[in-house]
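Below: one structure, written as structure tokens.
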Amino acid sequence: MTSEDAAPSRVGIAGAGSIAFATAALLQGRGHQPMLWSPSGQGTASLANGDPLVATGALETTFSPRLAASAAELAAGNDVLLIAVPGYGHKAVMDALAPHIRAGQHIIISSHASMGALYLMRLLAERGIDAPVTAWGTTAVTGRRQSGTEVTVNTVRKLIDLCTVPASRSEEAQAVCRRLFGDRFQARDGLLAISLSNLNPQNHMGIALGNMTRMERGETWSQGQNVTPNVGRLLEALDAERLAIAEALGLEVRTIFEHFHLSFHVPVASISEMNQQMHTEGNGGTGPATADSRYVTEDVPYGLALTVALGALVGRPATLHEAGIRIFSAMYGRDFAAENELLTALDLTRFSLEELRQAAQTGRLDTTPVQEAC
């Protein structure tokens, strides 16, 4: 480790899935002390029996992480808290953690979904707790949990978009992220930019639509190889909608081409060609082997729905994103547009675009004048 990393930090990870395990491995490799908490109580059962966590692939390490039995124990035993559960679990985890978060304790959301930082900040404000919340546009790692003690890490990302609310705590929070995870962060201008920096929902929409029968049949298939030219063009068209919304908001966000180039280290070309190259290099990943996949159950209600809502606010309708919500709802026989607990709790329709812009900087979403400097 460098001198910057010399002092190990205790990091509590809310989650025990692929990203939580892989993030714990990254932290362990950098000399820090991760602790895992399984909100369901099941995800760390094998580790609790004394078996070590084994990471292979882009990270190779075997270690025994600290374990927490409750949200209270996780908050009490760590300097930094990181939320690493799917978007549909964010509200429940935030509800569980918020009563125990201390003033000044850093919270990281990996990756941020549906303006969830505003919901968490509201819970903390009700207790009078001043704690910075950092939102990542994506995860630091990608991977696949193989068992209760094993994770395959596919890649460690070179660049992660982030912002912190309130904005006045940004430099402090960025220093924490760099110390924990390395120099791989790019600051973005508030939560709206971070929300539009997460490309997973649009990409997973196209991939799932193009490969749904593979998912339903439980087949083993290469994701990169199956981003064929037609699927690639759909991903590019979805990206154009997202970029148009960001432009209307005056925000700079990464393009889909930059995303694949920086995340998977392949030359810039068409999206299909970049994914074919990833496949050739053994870095294309394996597609979901079930229709009950976060590609749909998380990314449709917690990703596509927010893009549609922001597009409506700025007069740049995200018609392809909205069509995806409707198509998946028909496929699954459920109303994905109504499943987002965070958007329901925040009720963004009550606020003007200017109020939402201010909240994206301050973390305070209310109808009273906002004093916090951006």
> Has the range 117-139 got any residue that is modelled with pLDDT under 95, of a type outside the set (S, T, N, Q) and open to solvent by less than 20 Å² (accessible area, probe 1.4 Å)?
Replying inline: yes
>> So, in the range 173-186, exactly how many residues are hydrophobic (A, V, I, L, M, F, W, C) and either closer than 30 Å to THR286 by Cβ or assigned to a loop (DSSP other than H, G, I, E, B) (or both)?
In response: 4
> Within the range 235-252, restricting attention to residues that are out of contact with any Lys or Arg (no Cβ under 6 Å at 6 or more places or on another chain) and open to solvent by less than 20 Å² (accessible area, probe 1.4 Å), which residue is nearest to LEU313 (Cα to Cα)?
Replying inline: LEU249
>> Tell me the residue from SER170, SER195 that is under 29 Å from GLN358 (Cα atoms), modelled with pLDDT under 95 and of a type in the set (Ser, Thr, Tyr), please.
In response: SER195
> For the range 58-80, does any single residue satisfy the condition of being under 21 Å from ILE101 (Cα atoms), in contact with a Gly (Cβ under 6 Å, 6 or more places away or on another chain) and not acidic (Asp, Glu)?
Replying inline: yes
> What number of residues within the range 180-229 are of a type in the set (Gly, Ala, Ser), open to solvent by less than 20 Å² (accessible area, probe 1.4 Å) and in contact with a His (Cβ under 8 Å, 6 or more places away or on another chain)?
Replying inline: 2
> Residue check: is GLY232 touching a residue at least 24 places away in the same chain (Cβ under 8 Å), assigned to a loop (DSSP other than H, G, I, E, B), open to solvent by less than 10 Å² (accessible area, probe 1.4 Å) and of a type outside the set (Lys, Arg)?
Replying inline: no
>> Given the condition open to solvent by 10 Å² or more (accessible area, probe 1.4 Å), touching a Gly at 6+ places or on another chain (Cβ under 8 Å) and in contact (Cβ under 8 Å) with a residue 40 or more places away in the chain, answer yes or no: does some residue in the range 28-35 qualify?
In response: yes
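A quick yes/no check of all residues on (1) in contact with a Ser or Thr (Cβ under 9 Å, 6 or more places away or on another chain); (2) among the small types (Gly, Ala, Ser):
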| residue | (1), (2) |
| --- | --- |
| VAL80 | yes, no |
| LEU97 | no, no |
| SER110 | yes, yes |
| ALA117 | yes, yes |
> Which one of SER9, SER38 is surrounded by 17 or more Cβ atoms within 10 Å (Cβ to Cβ), under 20 Å from the mean Cα position of the chain (by Cα) and hydroxyl-bearing (Ser, Thr, Tyr)?
Replying inline: SER38
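The values are calculated or read from the model by the stated rules, or taken from the named source; none is laboratory data. This is a predicted model, so every value here is computed, not measured. So basically every Cβ, Gly included, is an ideal-geometry build from the backbone, and we count neighbours across all protein chains shown. Accessible surface is based on the protein model in full, side chains and every heavy atom, while ligands, DNA and RNA are left aside. Shrake-Rupley method; radii C 1.70, N 1.55, O 1.52, S 1.80 Å.
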